[in-house]
1. Under a 1.4 angstrom probe, counting protein chains only, how are K259, K94, K213 ranked by accessible area, largest first?
2. Too long at a 25 Å Cα-Cα cut-off: which of K58/K187; K187/K213; K25/K252?
3. Could you put L48, L246 in order of accessible surface area, largest first, with the 1.4 Å probe and the full protein assembly present?
4. Give the ranking of M130, M260 by solvent-accessible surface, highest area first, calculated with a 1.4 Å probe.
5. Leaving out ligands, DNA and RNA, and with a 1.4 Å probe, what % of the accessible surface on the chain is carbon or sulfur?
6. Which aspartates and glutamates, if any, have their Cα less than 13 Å from the Cα of K182, not counting same-chain residues under 8 positions apart?
7. Please list the non-local residues whose amide H lies under 5 Å from the amide H of E18, H modeled 1.01 Å from N, same-chain partners needing a gap of 5 or more.
8. Pick out, in residue order, every one of the GluC sites (Glu not before Pro) in segment 141-243 that is DSSP loop and has at most 15 other C-beta atoms within 10 Å; say none if there are none.
Amino acid sequence: MFYSDYHIHSRFSGDCNEDLDEIIKKSIGLGLREIAITDHFEKDMINLSKEWDIDLNKYSEEILRLKEKYRKDIDIKLGLEVGIQYQTIDFFEKELKKYPLDFVIASSHGINRYDLSVGVLQEGKTRDEMQDLYFRTVLKNVENYKKFNVYGHLDFVTRYGGAKFRGMNIENHMDVIEKILKGLIDKGKGIEINTSGYRYGENRVYPDFDIIKKYFDLGGEIITIGSDSHRKDDITKDFKVAYEILEKLGVKYISSFEKMEPSFIKIK
Ligand SMILES: [Zn+2]
Ligand SMILES: [Zn+2]
């Protein structure tokens, strides 16, 4: 049995219709002790429709209501997945202060107002050039943005742009990746193991094993595991792989968050 799933989307996300009570009942059925609902909060993206506007007052009210309703059975965390871009840093820093958040994932879904999935960013670039742009963007965000706990699916740039952009020669980017990881560690931030790569045909978790290993080798301590589920049936999907990675690395603890403060749960 798994302890928690720290990356779950609900109907408050622009790309998800899943009902929150259903998500919670499913999680209780799976024997989870904690879940973090981490709906999307995006800003200044050219291609996103109105559906992506999240009413954070309603959202936090609803999560807090459910937290109370189910408190005997499961600990529900008020989370968010923030689509961070350099020009939106001040906006997010200010906006997030208004809510009693437990846990925030910072993710690079977009660069220069374009979502990675629409293909504009990849135009005219080689795979290495695209990955270089992506990791340098992440580094700039890590150096400047504060209001988050873990960086989301750290190397998922390989997911988009078609076959030409799949896969990665990590050695070509390790210098930037190392700076990202050191930046995270210096600021007391973590990474997540995101198991959705298996559902996107990449046959791996995000980030790659070598990056997770590097994070711990450099002294990192904060790690969460998330399914990035958009349907309740994907909650804790492929978590076995994530735990096997941690075991292989000799990692004994995963992180739990309450009001943005980490604590450590021993892996059984
Ligand atoms: Zn994401
Ligand atoms: Zn997500």
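1. Largest accessible area first, the list is K94, K259, K213.
2. K58/K187; K25/K252
3. In descending accessible area the options line up as L48, L246.
4. Ranked from most to least accessible, the order is M260, M130.
5. 47
6. Qualifying aspartates and glutamates at Cα under 13 Å: E143, D217, E221.
7. R11
8. Values: sites: E143, E171, E178, E192, E202, E221; in loops: E202, E221.
Filter output for segment 141-243: E221.
The values are calculated or read from the model by the stated rules, or taken from the named source; none is laboratory data. These numbers were taken from a predicted model, which means no experiment stands behind them. Note: ideal-geometry Cβ built from the backbone for every residue, glycine included; neighbour counts use all protein chains shown. Note: areas computed on protein heavy atoms with side chains; ligands, DNA, RNA excluded. Shrake-Rupley method; radii C 1.70, N 1.55, O 1.52, S 1.80 Å.
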